[in-house]
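Here the structure comes first, spelled out in structure tokens, and everything after it is commentary.
The values are calculated or read from the model by the stated rules, or taken from the named source; none is laboratory data. Here the structure is a predicted model, which is why all the values come from computation and not from measurement. Positions of Cβ are backbone-derived with ideal geometry, glycine not excepted, and every protein chain shown enters the neighbour counts. For accessibility, only protein heavy atoms count, side chains too; no ligands or nucleic acids. Shrake-Rupley method; radii C 1.70, N 1.55, O 1.52, S 1.80 Å.
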Amino acid sequence: PFPLRFRASRPEFRQLIAFSLPLGLNGALGVTFDRLSRLLLGAWSGPIAVALLEVASRVPDAAIQAYMGFQSAFFPNMSALFGSGHAEQAAAALNRTLRLLCFAGSMAILALYGLRKELIILLFSPKYSDAAGAFGILLAGLVVAVTNNLLHTTLIASGNSRAALKAGMFQGFVTTILYLALI
């Protein structure tokens with residue numbers, strides 16, 4: 001039922017590249033800046049510090065993976081709102097979602113922060129109790145990461161992949177400064 005020949009027009013191809021290239025660069029920058037902390041920490045403090053950071057990042061990384069299921073439902077809805085010309089409704093949905101996730105996430109993080117050392121010992125072992133400090137910092141960063149992801153998703157859904165790239169570059173710059181300050 002499908003034709004066997006490939007057809008693409010030059011303007012459509014350029015439009016596709018103009019939209020997708022910033023998204024690809026944003027993804028590459030995200031991975032680079034995410035792993036930069038491990039490289040800096042390993043260079044300055046050695047492999048034990050990197051191991052402690054990896055232990056501390058397990059729960060926040062799992063929370064991000066759980067959030068990605070939500071994003072899978074959020075993105076198509078935002079795309080539909082923008083595609084049908086309802087930018088005001090999309091902005092209202094974004095604001096409500098940000099308030100809900102930031103409040104619920106902050107309350108959960110406060111509870112976990114109070115029990116960070118006990119949680120590390122329970123999930124891993126007493127040998128990793130030194131990771132509790134990094135765990136607390138990473139928990140605080142979790143709300144920022146989710147908020148940033150929602151904003152990126154909304155920018156992409158609105159068709160503005162270049163703004164998403166600019167926001168990603170700014171986040172990477174700020175994150176690098178914070179890595180240097182905290183390490």
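All but one of (1) closer than 18 Å to LEU155 by Cβ; (2) at pLDDT 90 or above hold for GLY27; state the number of the condition that does not hold. In the conditions (1) closer than 18 Å to LEU155 by Cβ; (2) at pLDDT 90 or above, GLY27 misses (2) alone. Tell me, please, whether a residue that is closer than 22 Å to VAL174 by Cβ, in a helix (DSSP H, G or I) and open to solvent by 40 Å² or more (accessible area, probe 1.4 Å) can be found in the stretch 90-99. The answer is no; no qualifying residue exists.
In the stretch 161-183, what residues are open to solvent by 50 Å² or more (accessible area, probe 1.4 Å) and either under 15 Å from GLY27 (Cα atoms) or assigned to a helix (DSSP H, G or I) (or both)? Please lay out each step first, then the result.
Going residue by residue through the stretch 161-183, those that are open to solvent by 50 Å² or more (accessible area, probe 1.4 Å) are 162, 166, 169-171, 173-174, 177-178, 180-183.
The answer is ARG162, LYS166, MET169, PHE170, GLN171, PHE173, VAL174, ILE177, LEU178, LEU180, ALA181, LEU182.
Candidates SER20, SER79, SER57, SER9: the one that is out of contact with any His (no Cβ under 8 Å at 6 or more places or on another chain), at pLDDT 90 or above and among the polar types (S, T, N, Q) is SER79. Selection of the stretch 67-88 for residues being touching a residue at least 60 places away in the same chain (Cβ under 8 Å) and of a type in the set (Phe, Trp, Tyr) yields TYR67, PHE74, PHE75, PHE82.
Taken as a whole, the condition of being in a helix (DSSP H, G or I), β-branched (Val, Ile, Thr) and crowded, with 18+ Cβ neighbours inside 10 Å does not apply to VAL50.
How many residues does the stretch 159-183 contain that are without any contact (Cβ under 8 Å) to a residue 24 or more places away in the chain and closer than 21 Å to ALA87 by Cβ?
Going through the stretch 159-183 one residue at a time, the tally reaches 4.
When VAL144 is tested against (1) open to solvent by less than 60 Å² (accessible area, probe 1.4 Å); (2) within 14 Å of the chain's Cα centre (by Cα), only condition (1) is not met.
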